[in-house]
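The values are calculated or read from the model by the stated rules, or taken from the named source; none is laboratory data. What you see is a predicted model, and the numbers here were worked out from it, not measured in a lab. A quick note on method: Cβ atoms are made from the backbone with ideal geometry, for glycine too, and the neighbour counts reach across all protein chains shown.
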Amino acid sequence: MVLLIAVGCVAVGLIPILIGSAMERRGRGYTDYDERQQYVRGKAYQYALMTLMACILVWIGLYGIGGWDWTGNVANVGLCCMCLSALVFTVYCTVHDSYLSWRSKHYLAFGVTAALMGGAYIALWWMSERWLEFWHLAVGLFWLADGAAILLRRWWLRRKKDGEEP
Amino acid sequence: MKNLRLKSARAAKGLSQQALADAVGVSRQTVNAIEQGDYNPTIKLCAAICRALGKTLDELFWEEWE
């Protein structure tokens, strides 16, 4: 499981960077966030942390009150809470144009790779036929939603010409 | 509140948002956000914009108080 997650993270994190760098030729710094982007990312971290805490609180509440272990095991819960939290972070950043640094032009590569990874994880979950062990599903939904958010945002910006004014 | 003075100064200089953004080292979306009044830039960025447009801080960012 850990290996699969690691492979997924490497695939989603590394492949777009490699593709993007090849596309961009000059391969400039990947962490150049301007001040507005840093501000937005700070807010995104805040919301992500709050989401994580809320998720864990809800689970503790459900488990504590009813002793209802609907999750199968604790690892599932932890992973799902993290996925949801990370999703809040990435979607918030994407919507505010702060997911990638201002110099990066890799949105398409990121979006497509994330969506593909999401699909792969969901397919893996479906094929496993162990539907109660839903960490595959959680990771898959996370990447799928992440990719969809990036691609939708990109499409929206291109459609509106990115708010560019002469 | 929209910063129309910044927008008109940029237009007068014949710069697009992207050109100004490149000149001051930020994303174009950030310049757009400043013009739309959605983001308050730091004094450092204000100074860089003023330098790029050949204006003073007062001319671009100062608001008269009632």
Exercise for review: Please work out which residue is nearest to residue B:34 (Cα to Cα), limiting yourself to the range A:123-137 and to residues that are modelled with pLDDT of 80 or more and surrounded by 18 or more Cβ atoms within 10 Å (Cβ to Cβ).
Suggested key: A:137
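Of all the helices (runs of 4 or more DSSP H) wholly in the range B:18-66, which have at least 2 residues that are more than 9 Å from chain A (Cβ to nearest Cβ) and either surrounded by 14 or more Cβ atoms within 10 Å (Cβ to Cβ) or free of Cβ contacts under 8 Å to residues at least 60 places away in the same chain (or both)? Outline the logic, then answer.
On the way: elements: B:28-36, B:43-53, B:57-61.
It comes to B:43-53, B:57-61.
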Practice item. Please work out which one of (1) modelled with pLDDT of 85 or more; (2) out of contact with any Leu (no Cβ under 8 Å at 6 or more places or on another chain); (3) surrounded by fewer than 20 Cβ atoms within 10 Å (Cβ to Cβ); (4) of a type outside the set (Val, Ile, Thr) is the condition residue A:67 fails and give its number. Key: (1)
